Amino acid sequence: MTDRLLSRYVEFPIQPGRERAIRLCIEWVIRHQDADGAWGGIQPPWIYSLMALHTEGYGITHPVVANGIKALDAHWSYERDGGLYIQASESPVWDTVLTLQALLDSGQSPVDCESMTRAIDWIVQKQVTAPGDWQVKVSSVMPGGWSFERANDSYPDVDDTAVAILVLARGRKAHSDPTAIDYAMKRAVRWILALQSSNGGWASFDRDNTNSLLTKLPFCDFGEVLDPPTVDVTAHVVEALAHLCWTLRDRPIARALAFMKYRQEEDGSWFGRWGVNHIYGTAAVLPALAAIGEDLSAKYVGRAGDWIVEHQNADGGWGETPASYVDDSLRGVGDSTASQTAWALMALLAIPTSRYDQFIQSGIEYLLSMQHDGTWHEPQYTGTRISRVWGRLPASRRVTRAKYFDSTGTRGWKGIHDQLQSLPALLPADGLEPRPIQNRGPWARRRCRISRFNSAAFSHRNRFRQEPAHNGPTTQTLPQQNFGPPFVSQNREAFVPPVLKRSCQCH
């Protein structure tokens, strides 16, 4: 009905409000252009934004359009077989934190590895301190997350932030400047706590983004316009907070645990949105449960472990096709891959029982047999960017995350806990609990959105009418909220309450 009415509106000779709406949309697009010239860190909004600006009369010489086109010649594209290919997305932050996690799992330390120290410094510098669209719903906390992509400051995500916290916590003691890491972690923990949804889970980019009415819009052909809380993201947050000595006694962890238990499938597995699929979700949950000290002899944990071993392939590996997103009968079914085998091993090794030993040993033998030149080739798609749409992550970044058998054949983490004993406990009592956020009504939310437009979009209204249509509005650097310089000791106390240190007994 709405689509038919809008179609009639477009054909009607008098279209009240159309010009103003277009101006606001164009201003929003311009304001959200990334520093590298793209939009949102992924290809679709980047290309569509250029198409929209061109349709509205912006020439290729306009700075906004020129920067967007110039990005094609930078890190976004590559040549192969005589053709130029545009990457759908980049993942330097995600790649870096997972690589650091793999190096830490294998016993490497920043003390002995300059590359790890440089990578940790780079991660600290990439923390997003600029305002983003998440502030429409969460306005009580300053920014502090990390993005998946290279230059996407508008949309930091909880998943990358959680793994960044985990890596920084583990590498903090061996770093030359632990105070900078402490500040970055405290700011990130605050941000993550503020984005916990009302059901106890965490989504990637927003809080309580579950209004299914948006999926009914005619142009939502992707079908994935929502960002609901998911088990895999929640589990990564729980595991990260566990390395900061959070336990089941802390309310955010207790709520997250209840969410994960509620979302367990009848077959014992967990759904994973950002990796394929139930193997990934289950592999995220079980290590998180172990990290917070959950009773791993519980029946629901055993059901998850049994589901994993039931889906092991004859070659010793595990695999799952992306078709499992639409066909439940294909859960855990597919050709063996290195990454999914590593995920399955992570799940089984989190459960302290010997009844899975033979399955673990077979999985390890599969990985060893498939390794070539120190890495693993994986043509299958196992990491989804948008569920059921597209995305792939190389296997080698996942395999070294799996726990291992040492020379005696016993299971164990390699070098995980030895650097955590002196880490300050970042507990809600330390002032990291976000201020209570009142349930604002629709007018208050609308007023918040209007106030964000006032200084940016509405003030340029006259300029739109005065400038030639083929040039469009000139770009300006919009004022940003000043959160103070990070990592400056004389200003730090103004933004981060003192940390109440306590002996960390959780590990």
In whole Hz, what ³J(HN,Hα) sequence does segment 337-351 give by Karplus (6.51, -1.76, 1.60; θ = phi - 60°), x for Gly and Pro? 10, 5, 5, 6, 5, 4, 4, 4, 5, 4, 5, 5, 5, 6, 9
How much of the accessible area of segment 198-291, probe 1.4 Å, is carbon plus sulfur, in whole percent? 54 percent
Quick query: amide H of Asp157 versus all other amide H atoms, modeled in the peptide plane; which residues come in under 5 Å with a sequence gap of 5 or more or a different chain? Trp146, Ser147, Phe148
For segment 286-297, in order, what is each residue's ³J(HN,Hα) by Karplus, 6.51 cos²θ - 1.76 cosθ + 1.60 with θ = phi - 60°, in whole Hz (x at glycine and Pro)? 4, x, 5, 4, 5, 5, 8, x, 5, 5, 7, 8
List the residues, sorted by chain then number, that are 5 or more residues from Thr382 or on another chain and whose placed amide H is less than 5 Å from its amide H. Leu393
Grab the beta carbon distance between Arg18 and Ala52, set R0 = 25 Å, and tell me the FRET efficiency rounded to 0.05. 0.95
Treating cross-link reach as a plain straight distance, find the aspartates and glutamates whose alpha-carbon is under 15 Å from the alpha-carbon of Lys137, omitting any fewer than eight places away in the same chain. Asp157, Asp206, Asp208, Asp227
Excluding ligands, DNA and RNA, what is the solvent-accessible area per residue of segment 254-379 at a probe of 1.4 Å, expressed in Å²? 40 Å²
Diffing segment 2-7: the Karplus 3J(HN,Hα) column from phi (6.51, -1.76, 1.60, θ = phi - 60°), in whole Hz with x for Gly and Pro, holds 4, 5, 5, 5, 5, 5
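Explain nothing, just the number: dipole magnitude of segment 1-133 about its Cα centre with +1 on each Lys and Arg Cβ and -1 on each Asp and Glu Cβ, in debye rounded to the nearest 20.
Charge dipole of segment 1-133: 700 debye, to the nearest 20.
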What nm distance separates the two modelled labels at Asp327 and Arg31, each placed 7 Å from Cα along Cα→Cβ? 4.6 nm
About the Cα centre, and with charges only on the beta carbon of Lys, Arg (+1) and Asp, Glu (-1), how big is the dipole of segment 201-250? Nearest 20 debye, please. 140 debye
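Taking Cα pairs under 8 Å and at least six residues apart, what relative contact order does segment 281-382 come out at, in percent?
Over segment 281-382, the number comes to 31 percent.
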Can you give me the long-range amide H partners of Thr230? Hydrogens built in the peptide plane at 1.01 Å from N, cutoff under 5 Å, separation of 5 or more residues or another chain. Trp202, Ala203
Put +1 on the Cβ of every Lys and Arg and -1 on every Asp and Glu Cβ in segment 240-358; which of Tyr356, Cys245, Ala342 then has its Cα farthest towards the positive end of the dipole? Cys245
With r defined as the distance between the Cβ atoms of Gln358 and Cys113 and R0 fixed at 35 Å, what FRET efficiency is calculated, to the nearest 0.05? 0.50
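What dipole magnitude, in Debye to the nearest 20, does segment 196-285 give about its Cα centre under +1 on Lys/Arg Cβ and -1 on Asp/Glu Cβ?
On the way: 8 positive and 11 negative charges, 74 e Å.
So the dipole magnitude of segment 196-285 works out to roughly 360 debye.
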Please compute the contact order of segment 31-186 in relative form: average sequence separation of alpha-carbon pairs under 8 Å and at least six residues apart, divided by the residue count, as a percent. 23 percent
Relative contact order for segment 32-93 using alpha-carbon pairs under 8 Å, separation at least 6, rounded to a whole percent? 33 percent
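The values are calculated or read from the model by the stated rules, or taken from the named source; none is laboratory data. Worth saying up front: this structure is predicted, and the values here are computed from it rather than measured. Cβ coordinates were reconstructed from backbone atoms using ideal geometry, including for glycine residues, and neighbour counts include every protein chain displayed. Ligands, DNA and RNA are excluded from the accessible area calculation, which covers all protein heavy atoms including side chains. Shrake-Rupley method; radii C 1.70, N 1.55, O 1.52, S 1.80 Å.
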